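J.: First the structure, then my questions, so here it is.
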Amino acid sequence: MSERKTTRFAVLEAERVVKVHEREIPALKADEVLIKNGACNICTTDYGQYTGARKNLMFPMAWGHEFAGTVVDMGSDVKGFEVGEMVGIGYDNCGECEFCKKGLTSECVTLGAGRNKLSPDGYHGGFGCSEYVIKPYRSLFKLNQTMDPSEAAFVEPVGTVCQGIRKLRVQQGEKIVVIGAGTMGVLNALVAKAEGCEVMITEMMDKKIEVAKELGLNVVDVKEKDPVEAVKNWTDGRGVDAVILAVGVTAANDQALEMIKRLHGRILMFAAGYPAPELHVDSNLIHYRKMELIGTFSADKCDFERAAELMREKKIDLSKLVEARYKLDDVKQAFEAAIVPGAYRVSVVFD
């Protein structure tokens, strides 16, 4: 049992204002686990609120949902976990509502206000960037003890990728194109490859091209080659089985429609875009080509389980996707590093 009574944590107080606060650690409920945090990564949602790009999130925000750490205490009803285990984090769920019973835990009725949920002491968010974090045990997924905490924190984003791959119904040997080699594009490519697909990823930024190549991916530099022509050459003119849109722009949507095979092609709309990108396809084309346009967002428990499995078994290499690491007291610098164009994940690490 932890003897720690208080915890320090990062708070977005306003746009471009992030500071470290301290609070008492709440008493554990019967189904909750106390986690000594190892690392919390800054995702696009977090730095979008920091810059003011995302107006739907409220202040003060005790931000952070991509994190991992070690179990130090447990409530009386916790099942399947032991003190000392390293865990990654998925989404909270009650396990009892109609959605949870169907396996749709990301639609659990208890989620309510989501990240805008207000704590009794006046903070929104889930306190993920905190020295100590309390989570229901149903939100936890076991990892290897030796895993780097900043890489272990990828359970949440990898889980969202696993949901998309699951909905795409990929089969071994299929040819898949991922448009965009940012963090989520690379994760999509790595997971698709781990599931037995042949994968091509397209990108224009030199840094991202280099990282994708270092991870062993088949990369097309769109500054040098037309991506649609590259796909045709790769498939002998047939087109690919599926395209994963890891960027939300109209040009990428247009490319995807030209890349898929004539019949039964699938397009996964993984990324959102602001302003909303256009989709230039008429319903007759979808009808006659038996085309599928598939939406994906969030992740269910089964997706986090698959993500943790891929990570435990080292079937995906996350080592190149951590841009930099900062201590909690340097969280302002961490956010400034995270908003640099082309940055991968910036991680706040704890002792």
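The values are calculated or read from the model by the stated rules, or taken from the named source; none is laboratory data. Bear in mind the structure is a predicted one, so any value in this text is a computation, not a measurement. So basically every Cβ, Gly included, is an ideal-geometry build from the backbone, and we count neighbours across all protein chains shown. Surface areas here come from the heavy atoms of the whole protein model, side chains and all, with no ligands, DNA or RNA. Shrake-Rupley method; radii C 1.70, N 1.55, O 1.52, S 1.80 Å.
J.: Between 150, 139, 119, where does the largest GNM mean-square fluctuation fall for the chain, given springs only between Cα atoms within less than 10 Å?
T.: Taking springs between Cα atoms under 10 Å, the residue moving most is 119.
J.: Evaluate E = 1/(1 + (r/R0)^6) for residue 98 and residue 72, where r is the Cβ-Cβ distance and R0 equals 35 Å; express this FRET efficiency to the nearest 0.05.
T.: The pair residue 98/residue 72 has a calculated efficiency of 0.55.
J.: Right, next: Using +1 on the beta carbon of Lys and Arg, -1 on that of Asp and Glu, and nothing else charged, what's the dipole of the range 118-240 about the Cα centre, debye to 20?
T.: Computed charge dipole of the range 118-240: roughly 520 debye.
J.: Just read off the accessible area of residue 167 with the full protein assembly in place, 1.4 Å probe, to the nearest 10 Å².
T.: 80
J.: Where nothing but the Cβ of Lys and Arg (+1) and of Asp and Glu (-1) is charged, how large is the charge dipole of the range 1-147 around its Cα centre, in debye to the nearest 20?
T.: 300
J.: Related question: At a threshold of 8 angstrom on Cα-Cα distance, excluding pairs fewer than six apart, so keeping six or more, what relative contact order does the range 1-142 reach in percent?
T.: Relative CO of the range 1-142 lands at 31 percent.
J.: Which of the GluC sites (Glu not before Pro) found in the range 16-121 are loop residues per DSSP with 13 or fewer other Cβ atoms within 10 Å of their Cβ?
T.: 82, 96
J.: Another one. Given contacts defined as C-alpha pairs under 8 Å and at least six residues apart, what's the relative contact order of the range 232-351, whole-number percent?
T.: 18
J.: Which of the pairs 142/167; 225/290; 225/315; 101/301; 19/142; 102/290 have their Cα atoms more than 20 Å apart in this structure?
T.: In this structure, 142/167; 225/290; 225/315; 19/142; 102/290 lie more than 20 Å apart at Cα.
J.: Now for a different question. Mind checking the dipole of the chain: about its Cα centre, +1 per Lys or Arg Cβ, -1 per Asp or Glu Cβ, Debye to the nearest 20?
T.: It works out to roughly 460 debye.
J.: Working out 0.36 nm times the residue gap between residue 276 and residue 13, then minus their Cα-Cα distance, what length gain in nm do you get to one decimal?
T.: Separation in residues times 0.36 nm, less the Cα-Cα distance, equals 91.9 nm.
J.: Out of the total accessible area of the chain (probe 1.4 Å, heavy atoms of protein only), what percent is carbon and sulfur?
T.: 50
J.: Solvent-accessible area of residue 166, probe 1.4 Å, all protein chains present, reported in Å² to the nearest ten, please.
T.: 110
J.: Pick out, in residue order, every one of the trypsin sites (Lys or Arg not before Pro) in the range 237-288 that is DSSP loop and has at most 15 other C-beta atoms within 10 Å; say none if there are none.
T.: Answer in residue order: 238, 262.
J.: Follow-up question, since we're still on this one. Work from the charge dipole of the chain (Cβ charges, +1 for Lys and Arg, -1 for Asp and Glu, about the Cα centre) and give the residue of 26, 137, 222 farthest towards its positive end.
T.: Comparing the listed Cα positions along the dipole, 222 ranks first.
J.: So, one more: Which one of 97, 47, 7 is farthest out on the positive end of the charge dipole of the range 5-125, using unit charges on Cβ (Lys, Arg +1; Asp, Glu -1) and the Cα centre as origin?
T.: 47
J.: Turning to a different aspect of this structure: Just by accessible area at a 1.4 angstrom probe, what is the order of 55, 223 from largest to smallest?
T.: Largest to smallest exposure gives the sequence 55, 223.
J.: When DSSP assigns beta bridges and you keep just the ones with both residues in the chain, what percent turn out antiparallel, to the nearest 5?
T.: Among the beta bridges of the chain, antiparallel pairing accounts for roughly 55 percent.
J.: How do 109, 18 stack up against each other in accessible area, from largest to smallest, with a 1.4 angstrom probe?
T.: Highest to lowest solvent-accessible surface, that is 109, 18.
J.: Give me the accessible area per residue for the range 114-243, probe 1.4 Å, as a whole number in Å².
T.: Normalised by residue count, the accessible surface of the range 114-243 is 39 Å².
J.: Helix-only mean residue ellipticity at 222 nm, the chain, DSSP H runs n ≥ 4 weighted -39,500 (n - 2.57), per residue, nearest 500. What is it?
T.: -7500 deg cm²/dmol
J.: I'd like the accessible area for residue 225, computed on protein heavy atoms only with a 1.4 Å probe and all protein chains in place. Round to 10 Å², please.
T.: Here the residue's solvent-accessible area equals roughly 120 Å².
J.: Put a dot 7 Å past each Cα toward the Cβ at residue 289 and residue 21; how far apart are the dots in nm?
T.: Taking the simple label geometry, residue 21 and residue 289 are separated by 5.0 nm.
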